[in-house]
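Below you'll find the structure, written out as structure tokens, and then a few comments.
The values are calculated or read from the model by the stated rules, or taken from the named source; none is laboratory data. Note that the coordinates shown come from a computational prediction; the quantities given were computed from them, not determined experimentally. Cβ: placed from backbone, ideal geometry, glycine included. Neighbour counts: every protein chain shown.
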Amino acid sequence: MSTVRRKRTMSETGISKREAMLISAHRSGASLERVAGVMAECVAHWERVVAGEEWEDVGSSDCAACRAWRNSGADRCYACPIRITGGDNCRDTPYPALAFHMDQHDGDCGPECEDRRLLAQEELNFLRGFVAAADGVRDHGPGAKGAEDEDGEGG
Ligand SMILES: [Zn+2]
């Protein structure tokens, strides 16, 4: 059985796991603005995929996050926030089901394929969570007022 994680609740006391992934990507060398920008690019791209405008452009070379973080030679994704699922190459995200569908439906799939659209929408929803998390990072991530204050609330 595959496990579908749809955790939407933010941690009540700390940062969400998505926020933690964004901060981790930031600490690996990209500015927070850049990290947030890449995820926003991903969302914009997948909106076009869902809409059918770029329905076939779902490979690594089409992905802003892959361009930012993935080393295709090593087949590793390093600091990519999408590694939130614990694996490289979008493992356990909604993406593999879409790739499988398009592969199986080869020659028949297209912008009008409803299954394709629904599967792509799943990926879009998944990615939108990172854009929402980027707003959270701005509010209480590194650089935010009071963040990383090891002595607690002393003021
Ligand atoms: Zn199809």
inquiry  = Condition first: touching a helix residue (DSSP H, G or I) at 6+ places or on another chain (Cβ under 9 Å), modelled with pLDDT of 95 or more and not in a helix (DSSP H, G or I). Can you find one or more residues in the stretch 39-53 that meet it?
reply    = yes
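Among the residues of the stretch 70-87, write down those that are in a loop (DSSP other than H, G, I, E, B) and in contact with a Phe, Trp or Tyr (Cβ under 9 Å, 6 or more places away or on another chain).
70, 77, 78, 79, 80
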message = If I go through the stretch 106-124 residue by residue, how many of them are buried (at least 16 other Cβ atoms within 10 Å of the Cβ) and either away from the ligand (no atom under 11 Å from the Cβ) or under 21 Å from the mean Cα position of the chain (by Cα) (or both)?
response = 8
task = State all residues of the stretch 59-69 that are outside any helix (DSSP H, G or I) and either free of Cβ contacts under 8 Å to residues at least 12 places away in the same chain or surrounded by fewer than 21 Cβ atoms within 10 Å (Cβ to Cβ) (or both); if no residue qualifies, say none.
result = 59
ask   = Which one of these does residue 103 not meet: (1) within 13 Å of the ligand (Cβ to nearest atom); (2) in a helix (DSSP H, G or I); (3) modelled with pLDDT of 95 or more?
value = (3)
query = Given the structure, is residue 74 away from the ligand (no atom under 16 Å from the Cβ), more than 11 Å from the chain's Cα centre (by Cα) and modelled with pLDDT under 95?
reply = yes
